[in-house]
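Here's the structure, in structure tokens; my notes come after.
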Amino acid sequence: MQQLLNTFSLTFSSAMRSLVMRSLVILVPVILVLSQPVLSYAQTNVQPDAERQKELTYMVQQDCGSCHGMTLKGGLGPSLLPERIAAFPRQYLMDAVTHGRPDTPMPPWKPILTEGEIQWIVEQLQLGQLGQASNKSSTKVSNSE
């Protein structure tokens, strides 16, 4: 019986080694191919340049402001002022902007914004840089809601 177990163990080990090697030969190229979208994603996770930041600021004031109020104090959508959104983790806010909010008018912005742009917008909202104070300095946006 012991001899049978030893033979099975040796055969199994050899067969397993062969299976593992064949799997690696197949899996390594597959992993490399599948990692390409991850590398592309990393390139989209770059902070926007100064010109794009101006465009994003205007977009937030106009597009987001149409629901959240021109000074982002709230309207159809909730307030986006720092004191209100401070209760939410950054990832929650990023997901809300990226994917929208189901069963609400909040649309997904992923089709037109990169991950880096969404991250920048969320950071600016958390810092209070895109609400009422920025509207006062903007010539394109009026102070009234």
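Bear in mind these aren't lab numbers, they're just calculated from the coordinates by the rules spelled out. It should be emphasised that the depicted structure is a prediction, and the values quoted were computed from it without experimental measurement. Here the Cβ is made from the backbone with ideal geometry for all residues, glycine too, and neighbour counts use every protein chain on show.
Kirkwood Rh, region 48-137, all Cα pairs: how many Å?
12.9
Counting only residues 5 or more places away or on other chains, whose amide H sits under 5 Å from the amide H of M106 once H atoms are built in the peptide plane?
R101
What net charge is computed for the residues neighbouring Q119, neighbours being all others with C-beta under 12 Å from the C-beta of Q119, Lys and Arg scored +1, Asp and Glu -1?
Neighbourhood net charge equals -3.
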